[in-house]
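One structure is given below, encoded as structure tokens.
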Amino acid sequence: MPRPPLFQRARVARIVRETADAATFVLTPDGGPFTYRAGQFCTFRVAVDGVELLRSYSMSSAPETDGELMTTVKRVPTGRVSNWLLDNVTEGDSLELTRPFGVFCLRDTDAPLLGFAGGSGITPILSLAKSALASTSRTVRLLCADRSPDAALFEAALAGLAARHPGRFSYTRHYDSAAGFLDPAAIKDFVAGDGAADTYLCGPDPFMDLVETALPGPGKVFVERFGGTAPLPEPGDDLEGTVTIRLGRKKASVPRKDGETLLQSARRAGLAPPFSCEAGNCATCMAVVTDGSATMRVNDALEDDEVAEGYVLTCQAVPDTPDITVVWE
Ligand SMILES: Cc1cc2nc3c(=O)[nH]c(=O)nc-3n(C[C@H](O)[C@H](O)[C@H](O)COP(=O)(O)OP(=O)(O)OC[C@H]3O[C@@H](n4cnc5c(N)ncnc54)[C@H](O)[C@@H]3O)c2cc1C
Ligand code: FES
């Protein structure tokens with residue numbers, strides 16, 4: 001079955017101010033019902049001062065519990081898109097967004113669920129918690145870390161879940177302003193007897209590194225990264241073979257280079273395909289390999305069936321075959 005178009009438009013039905021620096025955008029997709037899984041995200045394409053920018057935002061809604069599609073955006077100091085969305089978008093506006101992506105999703109298990117959320121990282125974790133409570137009998141416990149109480153998102157939603165699911169759902173707040181940064185002992189204390197739980201982790205990189213290191217195991221750990229990572233290595237020498245790129249009506253070829261990603265090859269060929277994180281998180285750079293094959297260094301966005309159909313994150317995909325053709329649809 002053909003995949004739906006990458007981009008579509010949605011109308012902003014409502015904007016819910018969550019804190020001074022965050023708001024939830026309740027969206028009505030123009031194409032009708034929108035199929036997604038809890039924990040996934042969409043990438044928004046906006047024009048800020050005439051420059052097209054792409055940024056991903058996770059769903060704070062869950063398909064099992066919310067009739068409406070919601071994403072929650074938190075302001076990043078000096079951030080171009082988060083500030084533009086929070087300061088310029090009003091109810092009734094139309095936004096452009098991709099179909100949903102992401103693999104930060106529930107798996108089929110009865111294991112307890114632990115969530116560690118730092119700041120805006122609560123967004124996909126709230127979606128996962130709602131989904132797990134509605135569609136399984138799993139217990140769900142969240143540890144939410146924020147700078148201060150006035151920055152903490154979704155207090156009413158979390159309190160509502162606790163009231164509706166006594167004995168199955170609880171959440172603990174940690175405020176840096178009161179207790180300093182979380183430390184490994186606090187994380188181990190929180191996990192307590194749930195070492196075999198599925199653990200979901202989303203927040204600033206130092207927070208995620210701390211939690212990942214402190215987790216006692218042996219449970220499975222799922223991680224969603226909002227920010228970029230270290231820059232990619234520079235490509236090496238020319239290799240035998242050709243990388244052929246098709247982007248819309250444009251077609252170009254360049255000799256293959258050792259370690260060069262398909263996105264880097266496309267840029268070297270003078271083309272400008274879309275991208276955002278360049279870290280394998282957002283799927284904005286997705287394209288399909290129609291001839292040859294490539295391996296992704298990181299894939300935190302595409303699902304197995306998309307990979308099986310030949311889709312790759314071009315910011316992470318390095319050719320395995322001398323000749324390769326990649327097509328941006
Ligand atoms: C899969 C995915 C899901 C995401 N989901 C959400 C979500 O649900 N809610 C949400 O608010 N954001 C989310 N993000 C982050 C979002 O996509 C943007 O990165 C963020 O809004 C900053 O974009 P900007 O244009 O405002 O800042 P930019 O102009 O890109 O960056 C400005 C400065 O802030 C730094 N920066 C960039 N991102 C962050 C960040 N996340 N935290 C702190 N500093 C940062 C940059 O290094 C730069 O110095 C998600 C990101 C990914 C990849
Ligand atoms: S640009 Fe984000 S996954 Fe490639």
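The values are calculated or read from the model by the stated rules, or taken from the named source; none is laboratory data. Nothing here was measured: the structure is a model prediction, and the numbers come from that model. Neighbour counts are summed over all protein chains in view; Cβ atoms, including those assigned to glycine, are modelled from backbone coordinates with ideal geometry. Just the protein is used for accessible areas: all its heavy atoms, side chains included, with ligands, DNA and RNA removed. Shrake-Rupley method; radii C 1.70, N 1.55, O 1.52, S 1.80 Å.
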Review point. So who's got an amide H within less than 5 Å of the one on His174, skipping anything under 5 residues away but keeping other chains? H placed 1.01 Å off N, in plane.
Key: Cys144, Ala145, Asp146
**Study point:** the range 152-265, accessible area per residue, ligands and nucleic acids excluded (1.4 Å, Å²)
**Key:** 53 Å²
Exercise for review: Enter the mean projected area of the convex hull around the alpha-carbon atoms of the range 238-328, in nm², rounded to one decimal.
Suggested key: 5.0 nm²
Point to revise | 3J(HN,Hα) from dihedral phi, the range 34-47, Karplus parametrisation 6.51/-1.76/1.60, rounded to Hz, x for glycine, proline | key: 10, 8, 8, 10, 3, x, 7, 9, 10, 9, 9, 10, 10, 10
Revision key, fill the gap. Non-local residues with an amide H under 5 Å from the amide H of Lys257, with H modelled 1.01 Å from N and Pro and chain starts lacking one, are Leu239
Revision key, fill the gap. If each part is reduced to its alpha-carbon centroid, the range 6-41 and the range 89-122 end up apart, in Å, by 11 Å
Check your understanding: Sorting Leu95, Leu215 by accessible area (1.4 Å probe), largest first, what list results?
Key -> Leu215, Leu95
Review point. Which value results when the Cα radius of gyration for the chain is divided by 2.2 N^0.38 Å?
Key: 1.04
Study note, to complete from the structure: For the chain, longest principal axis from Cα atoms; helix 205-214 axis from its Cα atoms; angle between them, nearest 10 degrees, is 70 degrees
Review point. How many percent of the accessible area of the chain is carbon or sulfur, using a 1.4 Å probe?
Key: 52 percent
Point to revise | Selection of trypsin sites (Lys or Arg not before Pro), the range 84-159, meeting DSSP coil and at most 15 other Cβ within 10 Å | key: Arg107, Arg147
Revision key, fill the gap. The chain, Gaussian network, Cα under 10 Å: of Leu114, Leu69, Leu158, the residue fluctuating most is Leu158
**Study point:** Interchain or long-range residues, amide H under 5 Å from Val221's placed H
**Key:** Thr199
Practice item. Please tell me the relative contact order of the chain in percent, rounded to the nearest whole number, where contacts are Cα pairs under 8 Å and at least six residues apart. Key: 14 percent
Review point. Mean separation of Cα pairs under 8 Å and 6+ residues apart, divided by the residue count of the range 7-98: what relative contact order is that in percent?
Key: 38 percent
Check your understanding: Based solely on its DSSP helices, what 222 nm [θ] is calculated for the chain when runs of n ≥ 4 H residues each add -39,500 (n - 2.57) and the sum is averaged over all residues, nearest 500 deg cm²/dmol?
Key -> -5500 deg cm²/dmol
Review point. Quick one: Karplus J couplings for the range 256-269, per residue in order, coefficients 6.51, -1.76, 1.60, θ = phi - 60°, nearest Hz, x for Gly and Pro?
Key: 6, 10, 4, x, 7, 6, 5, 5, 5, 5, 5, 5, 5, 7
Point to revise | Point-to-point label distance, Arg297-Val16, nm (Cα→Cβ direction, 7 Å offset) | key: 3.9 nm
Review point. Looking at the square roots a ≥ b ≥ c of the eigenvalues of the Cα gyration tensor of the range 1-148, which shape do they give, rounded for a/c under 1.5, prolate if a/b is larger than b/c, or oblate?
Key: oblate
Review point. Under a 1.4 angstrom probe, counting protein chains only, how are Lys250, Lys188 ranked by accessible area, largest first?
Key: Lys250, Lys188
Study note, to complete from the structure: Rounded to the nearest 10 degrees, the helix 122-135 long axis (Cα) sits at an angle to the longest Cα principal axis of the chain of 70 degrees
Revision key, fill the gap. Accessible-area order for Asp198, Asp108, largest to smallest, probe 1.4 angstrom, reads Asp108, Asp198
Revision key, fill the gap. The size of the Cβ-based charge dipole (Lys, Arg +1; Asp, Glu -1) of the chain about the Cα centre, to the nearest 20 debye, is 660 debye
Exercise for review: May I ask you to compute the full-extension gain from Lys250 to Asn88, defined as 0.36 nm times their residue separation minus their alpha-carbon distance, rounded to one decimal in nm?
Suggested key: 54.9 nm
Check your understanding: Full extension from Phe181 to Arg268: what is 0.36 nm times the residue separation minus their Cα-Cα distance, to one decimal in nm?
Key -> 27.0 nm
Check your understanding: Which residue, Thr242, Thr290, Thr78, has the most motion in a Gaussian network model of the chain that connects Cα atoms within less than 10 Å?
Key -> Thr78
